[in-house]
Amino acid sequence: MPQRPLIRWVALPLLCLGLLLLIAAVSWLLTRTSEPLAEAEPPREAPSPPDIPSAPVVPPPAFPSPQSAVPVPPDPGKPDARRIVASVEPVIESYEGDFRPEDVRAAIQAVTPLVQQCFEDAAQRNRGLQSVKLRFNVESRGGGRGQMNRGEVLVSTIPDPMVQACVVDSLLDIDFPTPSRGGRAQVVYPFVFTESGETGR
């Protein structure tokens with residue numbers, strides 16, 4: 001019976017191999033696409049956004065404070081009005097010696113340019129009408145000279161402590177002319193920073 005081992009070890013494996021090849025060929029014919037794959041289109045570039053004019057850049061405040069107002073860029077259609085320290089009548093709480101209201105006004109006129117500079121340094125952070133009310137002493141030292149000292153902030157619409165300190169420091173060592181022979185006055189005065197043409201008290 002030499003034919004049985006031959007059938008078992010040669011013919012059957014060849015038959016199985018042939019069946020596998022046939023199944024693979026039929027599967028390939030059934031799954032083959034009739035049309036060639038279309039070439040993928042390259043991705044289109046997104047259109048570039050139109051040029052938008054940039055807004056003017058406002059520099060950050062010199063002395064940032066968490067309570068300071070946000071900087072506001074100037075309006076290009078509106079001319080920048082001149083901002084000044086308004087003239088307000090001082091309140092003389094007490095006085096002694098040879099001292100007159102004219103001496104107080106002369107002292108305030110002498111210190112106003114320095115206070116004006118304090119307000120202008122903070123104008124971008126604190127826009128609109130602003131005021132710092134102070135109490136201070138005005139002293140006539142004789143010889144036609146006077147001096148201001150002992151300033152303190154009573155009320156301020158500007159929350160920035162650097163501006164308040166600048167206004168108080170402006171009072172120190174400022175000489176002003178006075179005809180008085182000697183005396184002292186305690187004064188309350190609101191330095192009001194406003195645009196020209198406005199009034200504030």
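The values are calculated or read from the model by the stated rules, or taken from the named source; none is laboratory data. Quick caveat: nothing in here was measured; it's all calculated off a predicted structure. For accessibility, only protein heavy atoms count, side chains too; no ligands or nucleic acids. Shrake-Rupley method; radii C 1.70, N 1.55, O 1.52, S 1.80 Å.
Residues Cys16, Cys118, Cys166, sorted by accessible area with the largest first, give Cys16, Cys166, Cys118 [1.4 Å probe; ligands and nucleic acids excluded]. Tyr189 contributes an accessible area of around 10 Å² to the protein surface, as traced by a 1.4 Å probe with all chains present.
Taking θ as phi - 60° and the Karplus parameters 6.51, -1.76 and 1.60, the scalar couplings of the range 159-170 work out to x, 6, x, 5, 5, 4, 5, 4, 5, 5, 5, 5 Hz in sequence order, x denoting glycine and proline. Annotation: amide H-H contacts under 5 Å for Arg141 (H modelled 1.01 Å from N, sequence separation of 5 or more, or interchain): Gly146, Gln147. Sorting Met148, Met162 on solvent-accessible area from highest to lowest, probe radius 1.4 Å, gives Met162, Met148.
For Asp173, the accessible area of its heavy atoms, probed at 1.4 Å with every protein chain present, is near 120 square angstrom. A simple rule links phi to the HN-Hα coupling: the Karplus curve 6.51 cos²θ - 1.76 cosθ + 1.60 with θ = phi - 60°, which for the range 184-189 gives 8, 9, 9, 10, 10, 9 Hz, with x for Gly and Pro.
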